[in-house]
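Below is one structure; the comments refer to it alone.
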Amino acid sequence: MRFVRSAAGSLLVASCCGGAWAGAGSVDAGAPLIVDGRIHRVDLGAQGVASDDASTVDTIRFTATTSGLHIIDLLSWEVVFHEHRHVSIYDLNGDGLHQFFDTEIHLFRDDGELGADDWIESNGDSEFPHHDEDGAARHSSGGHQDGSVFEFDSFLRLRLEPGDYLLKVGAFFLSMDDAIDGLNDTSPFNVGHYPLAWDPALEALVPAEFGSYRATIRLVPAPGAVAMYALAGAAMIRRRR
């Protein structure tokens with residue numbers, strides 16, 4: 001089950017066939033869609049053999065109500081390794097756990113019958129560059145506004161027209177076919193990139209049953225719209241005086 005927050009209120013969406021429905025909602029100016037979800041490890045072979053593991057793929061359905069620049073921002077990775085193996089641990093989603101994954105996303109048009117011809121764009125890593133050797137994060141570009149501390153969190157910035165879309169959320173490396181099928185089972189990077197947890201006793205990343213993420217989808221206000229909002233606010237203040 002997944003909890004979804006949007007301007008329209010809260011939704012509770014159950015899993016379904018062909019992957020899991022993680023959430024649905026509309027995206028408009030000042031009304032982002034925020035989805036908290038999980039992907040799960042799937043054992044396809046001998047129990048405990050990491051190389052035989054796969055992972056689930058979540059589907060977020062959203063409607064873009066306004067034409068314009070949209071941002072799709074993922075938040076999951078909670079460990080940053082610094083020089084000399086010093087580690088910073090974060091609880092970015094406030095769940096009290098440190099279970100996450102290296103995200104990969106694919107965006108499709110939703111025309112009722114999902115196929116390769118519906119694919120729009122995909123992303124594995126965000127735009128901000130890797131950490132310096134001293135561990136300082138250089139947040140100079142997109143991908144950190146939602147609280148991301150590492151570039152493994154996916155990020156897309158693209159213009160969308162009004163319509164319905166499907167965002168597929170999985171672990172790196174998620175192929176387009178696996179995104180459509182709803183099971184990430186053909187990645188050459190199975191070990192280490194599927195759901196992970198930080199083990200403080202081992203001081204290492206270990207396989208986890210699930211990894212949590214937060215997806216934020218928002219419309220970037222046009223510069224003219226921002227100016228109009230500011231003028232409207234100033235006018236309201238003058239009238240009150």
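A few remarks follow.
- Of all residues in the stretch 117-131 being modelled with pLDDT under 80 and out of contact with any Ser or Thr (no Cβ under 9 Å at 6 or more places or on another chain), the one that is farthest from HIS82 (Cα to Cα): HIS130
- Check on ARG85, among the basic types (Lys, Arg), surrounded by 18 or more Cβ atoms within 10 Å (Cβ to Cβ) and at pLDDT below 95: no
- Of the strands (runs of 3 or more DSSP E) contained entirely in the stretch 1-50, those carrying at least 1 residues that are hydrophobic (A, V, I, L, M, F, W, C), at pLDDT 90 or above and surrounded by 14 or more Cβ atoms within 10 Å (Cβ to Cβ) fall at 20-27, 33-43.
- Selected residue (criterion: surrounded by the fewest Cβ atoms within 10 Å (Cβ to Cβ)) from residues of the stretch 88-113 that are in a loop (DSSP other than H, G, I, E, B) and in contact with a Ser or Thr (Cβ under 9 Å, 6 or more places away or on another chain): ASP95
- Here ASP134 does not qualify as buried (at least 21 other Cβ atoms within 10 Å of the Cβ), over 24 Å from VAL27 (Cα atoms) and at pLDDT below 95.
- Filter result for the condition that a residue is farther than 18 Å from GLY147 by Cβ and free of Cβ contacts under 8 Å to residues at least 40 places away in the same chain, over GLU83, GLU104, GLU113: GLU113
- Residues in the stretch 207-236 that are under 18 Å from SER76 (Cβ atoms) and at pLDDT below 90: PRO207 alone.
The values are calculated or read from the model by the stated rules, or taken from the named source; none is laboratory data. Only a predicted model underlies this, so the values are computations on that prediction, with no experimental measurement involved. Please note: Cβ atoms are built from the backbone with ideal geometry, for glycine as well, and neighbour counts cover all protein chains shown.
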